[in-house]
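Structure first, commentary second.
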Amino acid sequence: MMVRVMIIAVLAALLGACGATQPPIVVSEAWARPTSDGAMGGDDMHGMGMSSAIYLKIASNAGEDRLTGATSTVSDTIETHNVENADGVMKMFKVDGIPVPANGTVELKPGSYHLMLLNMAEPLAVGDTFTATLQFANAGAIEVEVTVRMP
């Protein structure tokens, strides 16, 4: 009887350890700006059609990774962007990817890294939700649910 109890305890511990494994990348707090007059500098930002931006947090539970891009049905094009202050003027520019530090977190937020939604067919309103698929160099594709809200 005692051997049976010990075997069950060992099996339970092993099963518990297997379930405790965390994914290498965890994405949370995904949100996007609504599209409207003035929300992102007008509906036609730099001649690229209606636009918005996605913001979120990315945590690595493993080694270094890189967010290399994204896709969604709400936008023809999604680009990785950053913002910098150049002589007192905030300037947005496209980047090749967004680094995610090993066992660390990167936050995509206004005035910093973000995913730019370009050439949108339909506007986004506060309360809307949509799915975006993020592409990472090591972790692969991760789907996230994005909620539209005001900053």
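What follows draws every value from the coordinates through simple rules; no lab data is involved. Please read all numbers here as calculations on a predicted model, not as lab measurements. Neighbour counts run over all protein chains shown; Cβ positions are idealised from the backbone, glycine included.
Remark: the stretch 84-151 carries a charge dipole of roughly 100 debye about the Cα centre, counting +1 on each Lys and Arg Cβ and -1 on each Asp and Glu Cβ. Taking 30 Å as R0, compute the FRET efficiency from the Cβ-Cβ separation of T21 and V95 and round it to 0.05. For T21 and V95, the calculated efficiency is 0.45. Net length available on complete extension from E29 to N119 is 30.0 nm, with 0.36 nm assigned per residue and the Cα-Cα distance removed. Within straight-line reach of K57, meaning a Cα separation under 20 Å, sit the following lysines at least 8 residues removed in sequence or on another chain: K94, K109.
For the stretch 23-148, would you read off the P(r) tail past 25 Å as a percentage of all alpha carbon pairs? That fraction is 21 percent. Fewest-first ordering of I58, I25, I78 by other beta carbons within 10 Å of each residue's beta carbon gives I25, I78, I58.
Here D76 and M150 are evaluated by their C-beta separation; at R0 = 25 Å the FRET efficiency comes out at 0.55.
Placing unit charges on the Cβ atoms only, positive for Lys and Arg and negative for Asp and Glu, gives the stretch 23-148 a dipole magnitude near 260 debye about its Cα centre.
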